[in-house]
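Chemist: After the C-alpha cells below, expect a handful of questions from me.
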C-alpha cells in the first residue's frame, strides 16, 4: 500500500495539510498570462517559483512553457526587488522581445511589500519598457487562495490594464473562461462560431500550450488573445464569465470598468451547463441555435440515453477545482450517477460550491472545501464510503491504486496521461468524449469483474 | 588530448552570443562560456560559476529549497518532511523527482507518497507561523508516529522571522523519541539549488549522522554519497555491490532510511557520486570520524567497472578484488553485446548536455561508450571545482551569496574519530597513484575545442541548436519540448523521462537502447511534412480550391 499510513476514520486537523488538493496562486497567473498573444509571463520572486511553475505546467501540457523570473537573491529579499525587476525588463525585452510582460507576484515579493504599480511606473519613466510595449501585473500572494485565484487575478489584470470603453458597442460578446484546458477553450470558441457570434475570448491558451510539432520552436506560438481584443472587450455588448471562481472577477470588473453587462455561468461541461451556455448566447445575441450544434447535442443525448444503464446509480467521488467540480457534479446528475464526495482545497470564497452541490444531491453528499481539505482527507472519506469511480488529478492515482478504484483524470495537474490539451470536455462534443471515457471505465470494469457466465459479448 | 573541431569555432559562438546581452551581462557571460582546453598538467581554463543568474533570463535553475528538500532529503522514506510555508513549494516537490524507494516490509515506514505542509495563510504571515508549525508537528506525530521529522523553510518563513530551529528544539523536548530538525533553506538563499544542498548537508551532519553507533554487519562497509535513486539507479548499484561482496551501509539518499544515515559514521569508506550536492558531508565525515572518501562514477559501464575496482582496491582484499573482477567480467559480457549492436547506429552523432551538478559530466561517459560525442556541456548549479577539478579549491573566491551559507567548523570527535587508514598508508597509496578526496572535474575529460557553458540559459540553448544542430540534447523538463518542437530528440537527465535505471551495468544497457531509440526512431522524421520538403506545385487534377 502506497498510502499505508493513512488511518481510517476522519482525523481532526487544524494545522497540517497532507497531500494538497490545490496549489499556489502564481502558477494560475502564469497559465492565464500564456493566454495573451506575444506575452511573457514573469514571476517576481525567487527563481525556484518560476522553475517549479514551468516544470509543473510543462509536465501537464507536454509543451514548452516560457516564463521569466526576477531571480531574487538574499539581498533583494531584504532591500526589495525593484532593481531586479527593472533589470529583468531590460533583459526580457532585449532577448525575448515580447509585446507584453505579465508580472505576477509571489509570497516573497508580497511579504517584502514590493509595490508593483510604482515599479512599473518607474520602468516607464526610465525607458526600461520600449515604446509600444506593455507591462501588466497581478498580485498573487501564495498565502491566500489557490492556483484558481491566481488565474482569476491575472485575468482580472488583463481587464484592468487593457479594457476600454470607447462609447461605441462593437457587437461582440466577451467570453472569459476559468482555468481549463486549451482544448476546452477551443471548444467554447467553436460553439460561439457555430452560432455565428462574434466573440472575444481571454485568457485563451489554445494554440499556445497545445501547439503542433513542425520542426520549429516558437517562443510565442500563434495562439493567445491579442491585447487589442482585450482592449475591445470594453466595447463588447456582453461578457459571459464561465466559472464563478476563475472567471467571474474579471467579468465583474469589465462591468464596473466599462459597463459591459455581465452574465455568470458555470463552465459548459456536460449537457445542462452547455445548454445554459448556448441558451444564454442565443438570447444575448438574438440568434437561433444552428443545426450543427443541435446535431452535436443530439449525439450526446443519444449516447447518454442508449448507455444510461452503465452510468445510472454509479457512485462517484470528485476532487479538484471548484468551477470544474460544479459542472462535473451536474453532469454526474445528468448521467444518473450518485455523487458521494466533493472536495477541493481551494477556499470557497463567496461562491458556495457546497450550496450548489446540495441543490442537486441534497444533504447526503459530503462537500469539503478550503483549509486542510486535502487528499489525505479525501482518502479517509472514500475509505468510509467507497465510490465506483474517482474523478480527480494525477495525484489521486495512489488512492485509486491502493483501493482498486478506477480514476478519471480531470483538472490540474495531469502528469501521467496525455490528451486533455487536445480533446475537450467542454461543449457537447466534449461531453461525448467525457461520457465515452466514463463508459469505457465502467464497461471495462464489468468485463474484468463479471463472473465467467455473465461476461457479455454485446453491451 | 582528444580534440573536437566544432562546425563554428567556439570562440565565435561565445562572441556572437554575448553580443546579444547588455554589455555588463555580456562580459559576465563570456566568463561562463568557455572553449575547452586541457594542457599537459591537466589544467583547464578558468570558468565563472556559482554566480547569480541575471533577472529576466530564462534559466534552467531552481532554488535552495529545491536543492535541500527536493534533492538531498526528498529520497529518504522514513523522515517525515514538513514544508513550512504557503502551499506551492510542498506541492511542487511532491514526488516529482522520481526518487524510488523500496521498504523492506509492507508495514515499514514510507512517507514518500505524502506531501506535508503548514499551508501558511495571510494571518500567519502577519502574526507569525511558529504556532501553526508546532501544531502541525503535533498532528504529524499523532498521526504517523515518525522517528524523525525534517522541517523545511520557504521564502516567506525567513522574512517573517519564524525560527524553524527553535520550533524543532521545542518539539523535540515534547517528543523525546523523535529526532526533529529544521532546515533554513529559504528559496532566496544562494544562487541556485546548490545552497540548499549545502544547508541539507550541514543539518544531516550535525543532527542525524552519529546518532546511532551500531554498525551494519559486513566486512567491507561503505556509504555512497550523492546517489538519489532516480529511476532505480541505487537499486542497480545495490545489486552490483551485493554481487561484489561489499556492504552498502547507507546511500545518501537514494532508497535510504533514517537509521542508515544515523549510523553512517560507522562505515569505513565514503564514495561520492554527485560531487556538487554532497562533497560537504564527505569532507565533514572525514574530519570528524576519520572516514576517507574518493569520487566514483557509477554512470557508464566502464566508469562503473573502474569505480568498483577502486573500491575493492581500497579494501586491499584479494578475494574482494578477484570477486569484483569476476562480477565486472560477467556483467560486461552482456553490456558489450548490446554496445556492439547499437554503436554503429549512433557512432559520430553529437550531443549537448546541460544538467545538474554531475550528470552533465557522468553521462558523457555513457554517450561516449556508444560513439556519441558531447560537443557542449555545462552544469546548472555547479561550482568551479566541478568544472576544473578540486585542485582549484584554494583559488575559489567566496562571494556574498555563498558567504551567507553556513560553513561548519568541524573537529575530530573525541571518542569516535578513528582514521580508517593511517596518514602514512595514505601517502604510500597516493604515491602508488591511488587518489583520495579527489575530483578531476568535467573539463579535463572533455575534448579540446568543445564548449563548456555554466548556467546555460534558454537563449544560449537556442543558439547552440542553431549553430551546431546537435543530434541529441540532454537537459530537464523545462527544456524538453523547446528542443523536441525543433525535431531534435531530447532526453531528460533529471527524471530520465520516467525510465531507468541508467546507472551501473544494467543501466548502461538501458541507456544505450534508449539513446538508440531516440536517435534512430521514425517519429522525429515526421517533423517536416512532405509538402514542406518539396513545396513546388504541379497540378495533376486541376481542382479549384474553394474559399
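The values are calculated or read from the model by the stated rules, or taken from the named source; none is laboratory data. Only a predicted model underlies this, so the values are computations on that prediction, with no experimental measurement involved. Backbone-built Cβ (ideal geometry, glycine too); neighbour counts: all protein chains shown.
Chemist: Name the residues in the stretch A:168-186 that are in a loop (DSSP other than H, G, I, E, B) and either more than 18 Å from residue A:252 (Cα to Cα) or at pLDDT below 95 (or both), would you? Outline the logic, then answer.
Modeler: First pass over the stretch A:168-186, keeping only residues in a loop (DSSP other than H, G, I, E, B): A:168-172, A:178-181.
The answer is A:168, A:170, A:171, A:180, A:181.
Residues are listed down the side, and each one gets a yes or a no for (1) on the phi < 0 side of the Ramachandran plot; (2) buried (at least 24 other Cβ atoms within 10 Å of the Cβ):
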| site | (1), (2) |
| --- | --- |
| B:136 | yes, yes |
| B:145 | no, no |
| B:157 | yes, yes |
| B:167 | yes, no |
| B:172 | yes, no |
| B:188 | yes, yes |
| B:193 | yes, yes |
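Chemist: Looking at B:17, B:71, which is the one that is touching a residue at least 60 places away in the same chain (Cβ under 8 Å), within 13 Å of chain A (Cβ to nearest Cβ) and over 30 Å from residue B:111 (Cβ atoms)? Full working, then the answer.
Modeler: Working: B:71 fails: over 30 Å from residue B:111 (Cβ atoms).
Result of the check over B:17, B:71: B:17.
Chemist: May I ask you to say which residue of A:129, A:148 is surrounded by fewer than 24 Cβ atoms within 10 Å (Cβ to Cβ) and touching a residue at least 12 places away in the same chain (Cβ under 8 Å)? I'd like the intermediate steps shown before the answer.
Modeler: Values: A:148 fails: surrounded by fewer than 24 Cβ atoms within 10 Å (Cβ to Cβ).
None of the other options fit; the residue is A:129.
Chemist: Shifting gears a bit: Could you list, in sequence order, the residues of the stretch A:343-364 that are surrounded by fewer than 21 Cβ atoms within 10 Å (Cβ to Cβ) and in contact with a helix residue (DSSP H, G or I) (Cβ under 6 Å, 6 or more places away or on another chain)?
Modeler: Those that are surrounded by fewer than 21 Cβ atoms within 10 Å (Cβ to Cβ) and in contact with a helix residue (DSSP H, G or I) (Cβ under 6 Å, 6 or more places away or on another chain): A:356, A:360.
Chemist: Checking the condition more than 14 Å from chain B (Cβ to nearest Cβ), within 24 Å of residue A:2 (Cα to Cα) and part of a helix (DSSP H, G or I), which residue from A:381, A:340, A:408 passes?
Modeler: Working: A:340 fails: part of a helix (DSSP H, G or I); A:408 fails: part of a helix (DSSP H, G or I).
Checking each option against the conditions leaves just A:381.
Chemist: Same structure again: Checking the structure you have, find out if any residue of the stretch A:20-38 is buried (at least 20 other Cβ atoms within 10 Å of the Cβ), in contact with a strand residue (DSSP E or B) (Cβ under 6 Å, 6 or more places away or on another chain), facing chain B (nearest Cβ under 8 Å) and part of a strand (DSSP E or B).
Modeler: Scanning the stretch A:20-38, I find no residue that is buried (at least 20 other Cβ atoms within 10 Å of the Cβ), in contact with a strand residue (DSSP E or B) (Cβ under 6 Å, 6 or more places away or on another chain), facing chain B (nearest Cβ under 8 Å) and part of a strand (DSSP E or B), so the answer is no.
Chemist: Here is a further query. Can you name every residue in the stretch A:424-441 that is buried (at least 19 other Cβ atoms within 10 Å of the Cβ) and under 25 Å from residue A:58 (Cα atoms)?
Modeler: If the condition is that a residue be buried (at least 19 other Cβ atoms within 10 Å of the Cβ) and under 25 Å from residue A:58 (Cα atoms), then A:424, A:425, A:426, A:430, A:433, A:434 are the ones that fit.
Chemist: Okay, next question. Among the residues that make up the stretch A:99-114, is at least one of them under 27 Å from residue B:89 (Cβ atoms), within 12 Å of chain B (Cβ to nearest Cβ), part of a helix (DSSP H, G or I) and over 28 Å from the mean Cα position of the chain (by Cα)?
Modeler: Taking every residue of the stretch A:99-114 in turn, at least one turns out to be under 27 Å from residue B:89 (Cβ atoms), within 12 Å of chain B (Cβ to nearest Cβ), part of a helix (DSSP H, G or I) and over 28 Å from the mean Cα position of the chain (by Cα).
Chemist: Separate question: Just checking, does the stretch A:412-423 include any residue being touching a strand residue (DSSP E or B) at 6+ places or on another chain (Cβ under 6 Å) and crowded, with 18+ Cβ neighbours inside 10 Å? So that I can check it myself, show each step before the final result.
Modeler: Taking the stretch A:412-423 first, the residues touching a strand residue (DSSP E or B) at 6+ places or on another chain (Cβ under 6 Å) are A:417.
Retained after the next criterion (residues that are crowded, with 18+ Cβ neighbours inside 10 Å): none.
Checking the stretch A:412-423: not a single residue is touching a strand residue (DSSP E or B) at 6+ places or on another chain (Cβ under 6 Å) and crowded, with 18+ Cβ neighbours inside 10 Å.
Chemist: Inspect the stretch A:58-65 for any residue being over 22 Å from the mean Cα position of the chain (by Cα) and facing another protein chain (nearest Cβ under 8 Å) and give the result as yes or no. It would help to see each step written out before you state the result.
Modeler: At the first step, the residues of the stretch A:58-65 found to be over 22 Å from the mean Cα position of the chain (by Cα) are none.
No, there is no match, as no residue in the stretch A:58-65 is over 22 Å from the mean Cα position of the chain (by Cα) and facing another protein chain (nearest Cβ under 8 Å).
Chemist: Has the stretch B:288-309 got at least one residue that is touching a strand residue (DSSP E or B) at 6+ places or on another chain (Cβ under 8 Å) and modelled with pLDDT under 95?
Modeler: Step one: of the stretch B:288-309, the residues touching a strand residue (DSSP E or B) at 6+ places or on another chain (Cβ under 8 Å) are B:291-296, B:298-299, B:304, B:307.
This time we only want the ones that are modelled with pLDDT under 95, so: none.
No, the stretch B:288-309 has no match at all.
Chemist: Counting only residues that are free of Cβ contacts under 8 Å to residues at least 24 places away in the same chain and within 14 Å of chain B (Cβ to nearest Cβ), how many does the stretch A:384-405 have? Break it down stepwise before answering.
Modeler: Applying the first criterion (free of Cβ contacts under 8 Å to residues at least 24 places away in the same chain) to the stretch A:384-405 yields A:394, A:397, A:400, A:403-405.
Applying the additional criterion that residues be within 14 Å of chain B (Cβ to nearest Cβ) yields A:394, A:397, A:400, A:403.
Qualifying residue count, the stretch A:384-405: 4.
Chemist: Return a yes/no flag: does the stretch A:71-86 have any residue that is assigned to a loop (DSSP other than H, G, I, E, B), facing another protein chain (nearest Cβ under 7 Å) and at pLDDT below 95. Don't jump to the end; show me each part of the working.
Modeler: Applying the first criterion (assigned to a loop (DSSP other than H, G, I, E, B)) to the stretch A:71-86 yields A:71-73, A:80-81.
The next check asks that each one be facing another protein chain (nearest Cβ under 7 Å); those that pass are A:71-73.
Still in the running and at pLDDT below 95: A:73.
Yes.
Chemist: State whether the residues of the stretch A:344-360 include one that is under 28 Å from residue A:449 (Cβ atoms) and outside any loop (DSSP other than H, G, I, E, B). Lay out the reasoning, then the answer.
Modeler: Initially, the stretch A:344-360 is screened for residues under 28 Å from residue A:449 (Cβ atoms), giving none.
Checking the stretch A:344-360: not a single residue is under 28 Å from residue A:449 (Cβ atoms) and outside any loop (DSSP other than H, G, I, E, B).
Chemist: Taking the stretch B:22-42 on its own, how many of its residues are touching a helix residue (DSSP H, G or I) at 6+ places or on another chain (Cβ under 8 Å) and without any contact (Cβ under 8 Å) to a residue 12 or more places away in the chain? Step through it out loud before you land on a result.
Modeler: Kept after step one, since they are touching a helix residue (DSSP H, G or I) at 6+ places or on another chain (Cβ under 8 Å), are these residues of the stretch B:22-42: B:22, B:25-27, B:29-30, B:33-36, B:38, B:42.
Imposing the further condition that a residue be without any contact (Cβ under 8 Å) to a residue 12 or more places away in the chain reduces the set to B:22, B:26-27.
Number satisfying all stated conditions: 3.
Chemist: Within the stretch B:112-136, take every residue that is in a loop (DSSP other than H, G, I, E, B) and more than 7 Å from chain A (Cβ to nearest Cβ) and give me the one that is farthest from residue B:69 (Cα to Cα).
Modeler: Of the residues in the stretch B:112-136, the ones in a loop (DSSP other than H, G, I, E, B) are B:112-115, B:118-121, B:128-129.
Filter once more, keeping what is more than 7 Å from chain A (Cβ to nearest Cβ): B:112, B:128-129.
Details: B:112: 12, B:128: 22, B:129: 19 Å.
In this case the residue turns out to be B:128.
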